[in-house]
1. What's the ranking of 88-96, 147-155 by average number of surrounding C-beta atoms within 10 Å, highest first?
2. In nm, to one decimal, how far is the residue 231 label point from the residue 88 one, both placed 7 Å along Cα→Cβ?
3. Once the Cβ-Cβ distance between residue 168 and residue 273 is put in as r, and R0 is 30 Å, what FRET efficiency do you end up with, to the nearest 0.05?
């Protein structure tokens, strides 16, 4: 009998919540093609075209009033994360629709890659209105109070710190797997550090243009003013930002290679393999892919809210370099050329990987589902 897995992200923006879901779906179906996976945005499911309006308002809010968004985000969901807060408006807006969705789809397993669906599902389970097993997949390097956790069956987290927070909130440690943020199976994992670069010229991947927000254009302008054409080539991922791609193409610079949206994961994997470093925003999935590829990560700026907190956590773990906007090229080459700095960074990346569960998250999911069907694939052990 086919097993059905329902994935619940939120909004239809091309975010890490969707990328993590796609990665897990691909991984699961590579192992067992008979498992049916479906991804549903509960906002679009509940309120139809309103979702696109909410997405546009959300992006404009971040861009036009970043500090207001930042303060409100931290006030509502990040301060006092140890408290079990109730969000009655979300419950009123979504509980009836989520119940209908589950009744329609009849899943054997629910996987939440966003906090809001996890919150609603947790409420339903706390009221004994839902017995289906649920997994939370956290797509940042921190946790906040909107995540429903107490009645969730399993938790896939990105760091030891999140696991410790969940244990303090009463979650059994064997229910928490330190998987890292899931990456697509066609992004091959680098098992060893690349060694000292010892180069005089570098290939740098620049990411962050997909949604047309942030500081990508001024970053490139700063870099182009100080770049030594013999030292650096910048490969710029423009994503679906067509205007950015056209602007960079019109510059016609040998050291500046704009790239259109890449939906082929094999091609993305090859691109990663050619890079010496990446300049990006502290968004979850891009950082996770870079960590698994063991590419040195440089952060210029962070969007308010989630990205600012991600940056703080990643810096505390020693997994990224934070650079100022001025003298970008000098800072980047200086870090890559400094032996002690580079080796210290690689040591921190090694330490991070040593804490991760040895099994891929898709394998853990498969083993859990099949074990519920009476097929014994052994236990899913996790690292303490």
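Readers should treat all values here as calculations from the given coordinates under stated rules, not as data from a laboratory. Computed from a predicted model, the values in this text were never measured in an experiment. Note that each Cβ is placed from the backbone with ideal geometry, even for glycine, and that neighbours are counted across all protein chains shown.
1. Working: 88-96: 13.4, 147-155: 19.6.
Going from most to least packed, we get 147-155, 88-96.
2. 6.0
3. Numbers: r = 40 Å, r/R0 = 1.32.
In this case the efficiency is close to 0.15.
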